[in-house]
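Step one of this worksheet: look at the structure below.
Just so you know, all these numbers are worked out from the coordinates, no wet-lab data involved. What you see is a predicted model, and the numbers here were worked out from it, not measured in a lab. Positions of Cβ are backbone-derived with ideal geometry, glycine not excepted, and every protein chain shown enters the neighbour counts.
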Amino acid sequence: MDLVSIVIPIYNGEKYVDACISKLLRQTYRNIEILCIPNNCSDRSVELCSHWAQKDSRVKVYVNQEKGTSLARKRGVMEAQGRYIVFMDCDDEYATNNAIKKMVAAIKEDNVQICQFEYIVQYPIKFLRRRMHVVRENKIYQRDEMLSGPFLGAVQGRGGNFNVSAWSKIYDSKILKAAAANMTGAYTCGDDMQQGLYAFSGEMTQSVSCRKEAHYVYNVGRGITANPNVIFMLLRDYQAVKMEISAVARKLNVNEDFFIHLWSESLYCFKLGITDAINRGLDKTEILQKIEAIDQYTYIQTAKDYFRNLIDSGWLERPDSRMYLLRYENEHNVENLRFMCSDYTSEDYYNWCLINRKKPSIISKVKKFIHKLI
């Protein structure tokens, strides 16, 4: 029975650590090591993890003083002794006690370096949960086919059958250790993209697979997802990650569609962050300052230049391009994309977002109220 390393980055997770570790220790696959990586915690997380380590030798604690989920995950990967590695956030859980056993069986049967699964989203109200059908079909991809499709999903979430989340996969530890050597920077958001970038593109990754099985439960409204400024944190970390993705993808000579996805998602998230700030009632002056700052990010300027060139080449006149905008960026019609690439002022962008925003739905208002209660 091969050893499986479960890497758990932890930032002030004292509310969830006990439940997380106790459930993992009930997995029927017994040959596991649980690597708790508290990073820059100011609560009792380290104390609680150390308590579990004293009770069960399979629990190990490695304290990181630096901030950043990326650094915590990297530390866990480098310390891992298992043949396989899986990731978990301390506020999440597995759907069953057989989850690890089934994930190991899948990667062995497919004889691949990475195996992707579907997952379950659990909302704060217990009976509200949804299975995310990431995987369209059970399939094994060899390297060339993977780089023309799943690779996009692994770093951008749009490759069909694959998504960016680190925790919805099981990895051969060798490819993750090689990937970790290339992972720099302290990221709170976007670290999944960076890890997927190097894990999937590494020379040792010759085949990957996907399974229509859901083992992981992602609990919404806990941890970083409860932070109202998470979208601005993502936009900040994109500053380095997006440019890194672009550089590696260019060397791999991937399909040009990859870059259309890469830069359109950048512009979309910019708009999403500002419309969310407006809907949350942030002061207009503060929002204008954010628009001015974000618009100067290198990757935003790169995205704008990229689409300006596409527009000049007649890309927007093609039916497939218009369908792309409707399919992936709902509100990114031709006029909106032209505006996002223009030389707007902060006031212009604010007013444009004000007009084109989606106002909070009744459901989102209810979710916001629930978050205040829990």
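Tell me whether region 267-338 comes out rounded, prolate or oblate; compute the Cα gyration tensor, take square roots of the eigenvalues as a ≥ b ≥ c, and use a/c under 1.5 as the rounded threshold.
Numbers: a/c = 3.33, a/b = 1.72, b/c = 1.94.
Oblate shape, in that a/c is at least 1.5 and b/c is the bigger or equal ratio.
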Hey, can you grab everything whose amide H is under 5 Å from the amide H of ILE32? Only 5+ residues off in sequence or another chain; H modelled, so Pro and N-termini drop out.
VAL4
In deg cm²/dmol and to the nearest 500, what is the mean residue ellipticity at 222 nm of the chain if only DSSP H runs of at least 4 residues count, each as -39500 (n - 2.57), divided by the residue total?
-15500 deg cm²/dmol
Along the Cα→Cβ direction, 7 angstrom out, place labels at ALA181 and ARG308. What is the inter-label distance in nm?
4.0 nm
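Quick one: of LYS251/LYS271; LYS60/LYS174; LYS23/LYS126; LYS67/LYS242; LYS212/LYS251, which pairs are farther than 24 Å apart, Cα to Cα?
Values: LYS251/LYS271 29 Å; LYS60/LYS174 20 Å; LYS23/LYS126 18 Å; LYS67/LYS242 20 Å; LYS212/LYS251 32 Å.
Listed pairs above 24 Å: LYS251/LYS271; LYS212/LYS251.
Would you calculate the convex hull of the Cα atoms in the chain and tell me its volume per residue in Å³? Walk me through the intermediate numbers first.
Values: hull volume 52.7 nm³, N = 374.
Residue-normalised Cα hull volume stands at 141 Å³.
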Listed by chain and number, the aspartates and glutamates with an alpha carbon less than 14 angstrom from that of LYS290, same-chain partners under 8 positions apart left out, are ASP276, GLU347, ASP348
Would you work out which of LEU3, ASN97, GLN54 lies farthest towards the positive end of the dipole of region 1-98? Charges go on Cβ: Lys and Arg +1, Asp and Glu -1.
LEU3
To the nearest 20 Debye, how big is the dipole of the chain about its Cα centre, given +1 on the beta carbon of each Lys and Arg and -1 on that of each Asp and Glu?
1260 debye
log10 I(q)/I(0), Debye, Cα-only region 1-66, no solvent, q = 0.12, 0.26, 0.27 Å⁻¹?
-0.27, -1.15, -1.22
Where only C-alpha atoms are counted, convex hull volume of region 42-185 per residue in Å³
153 Å³
Ignoring solvent entirely, what values of log10 I(q)/I(0) come out of the Debye formula for region 127-166 at 0.29, 0.30 Å⁻¹ when each Cα is a single scatterer?
-1.00, -1.04
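Return a whole-number percent for the relative contact order of the chain, with Cα pairs under 8 Å and 6 or more residues apart as the contact set.
Details: 621 pairs, mean separation 56.5, N = 374.
Reported as a whole number, the value is 15 percent.
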Positive-end residue of SER165, ALA179, MET193, charge dipole of region 141-225 with Cβ unit charges:
SER165
